[in-house]
Amino acid sequence: MAKNYYGCIPIMAWLLCHYFYSRDHYVWVAERYYPYRLPNPRSSNPHRIYEDLYEPWMDADNFDKYISQTRLSLRNGVESKEKAGAITSGDATRLKKICDKIEVAFFCPIVLRLDIDQIDGARLETAGSGASVGSHEFLIRDLHENEFDILFLDVVQDPAVKQLVADEIAGTSRGTAPADAMDLLEQRLLP
């Protein structure tokens, strides 16, 4: 029987990893989707993260403080990939602008589910609140797309999000090239 762990990320994080970071995802995963009565703080609770992303996404609140912090985290990830040589400085410049200015439609939350027993233990990091307060979670810096399922992707209505995420996952598109994904994202920047 699978020992499922769950994580919640905005679609923008999935897009960055899928199109620009070799389909390796940087994900925090918790022992339960809603780790009620476990020592997981709000920041380590996939259900609470889902709420924190869902409400400003649903309200089209481009300036929500949680979305602002998420933008900064995504931007930091771009800088890290640039320093590691995983992306060019030109792509990094464009992606940082996208992280800063993309419409909140790209912050729709998605939940990831994975069987933790199928992940090599050397890839499971105890960090953050897992190390400090015993939160039931792991950080996986290189979670491959074939190692997880995506849940709660049924609310996607935006045509660009549908093309770049839902159709890509379902295999109903011919596949969008990273350059085309970048162009499409740049068309959706806030002024």
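The values are calculated or read from the model by the stated rules, or taken from the named source; none is laboratory data. This is a predicted model, so every value here is computed, not measured. With ideal geometry, Cβ positions are generated from the backbone for all residues, glycine too; neighbour counts draw on all protein chains shown. Calculation scope for accessible area: heavy atoms of the full protein, side chains included, ligands and nucleic acids excluded. Shrake-Rupley method; radii C 1.70, N 1.55, O 1.52, S 1.80 Å.
The table below lists the values:
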| quantity | calculated |
| --- | --- |
| The listed residue being over 27 Å from Gly90 (Cα atoms), surrounded by 11 or more Cβ atoms within 10 Å (Cβ to Cβ) and without any contact (Cβ under 8 Å) to a residue 12 or more places away in the chain, out of Asp167, Asp158 | Asp167 |
| Selection within the range 137-155 - touching a Phe, Trp or Tyr at 6+ places or on another chain (Cβ under 7 Å) and surrounded by fewer than 17 Cβ atoms within 10 Å (Cβ to Cβ) | Arg141 |
| So Ala84, is it among the aliphatic types (A, V, I, L, M), at pLDDT below 95 and open to solvent by 20 Å² or more (accessible area, probe 1.4 Å) | no |
| The range 91-141 - residue that is aromatic (Phe, Trp, Tyr) and part of a helix (DSSP H, G or I) and, of those, farthest from Gln69 (Cα to Cα) | Phe106 |
| Boolean, Gln163 is at pLDDT below 85, of a type in the set (S, T, N, Q) and farther than 24 Å from Arg42 by Cα | no |
| Which listed residue is out of contact with any Asp or Glu (no Cβ under 9 Å at 6 or more places or on another chain), closer than 25 Å to Pro35 by Cα and at pLDDT 95 or above, from Asp142, Asp117, Asp154 | Asp117 |
| Ala13 of a type in the set (Gly, Ala, Ser), closer than 23 Å to Leu124 by Cβ, assigned to a helix (DSSP H, G or I) and open to solvent by less than 60 Å² (accessible area, probe 1.4 Å) | yes |
| Residue that is closer than 26 Å to Arg75 by Cβ and without any contact (Cβ under 8 Å) to a residue 24 or more places away in the chain, where the choices are Arg174, Arg123 | Arg123 |
| Selected residue (criterion: surrounded by the most Cβ atoms within 10 Å (Cβ to Cβ)) from residues of the range 121-136 that are among the small types (Gly, Ala, Ser) and within 23 Å of Lys81 (Cα to Cα) | Gly128 |
| Pick from the range 142-191, criterion part of a loop (DSSP other than H, G, I, E, B) and of a type in the set (Gly, Ala, Ser), ranking: nearest to Ile87 (Cα to Cα) | Ala177 |
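Residue-wise test of (1) in a helix (DSSP H, G or I); (2) under 10 Å from Glu137 (Cβ atoms).
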{"position": "Cys17", "(1), (2)": "yes, no"}
{"position": "Val29", "(1), (2)": "no, yes"}
{"position": "Tyr34", "(1), (2)": "no, no"}
{"position": "Asn40", "(1), (2)": "no, yes"}
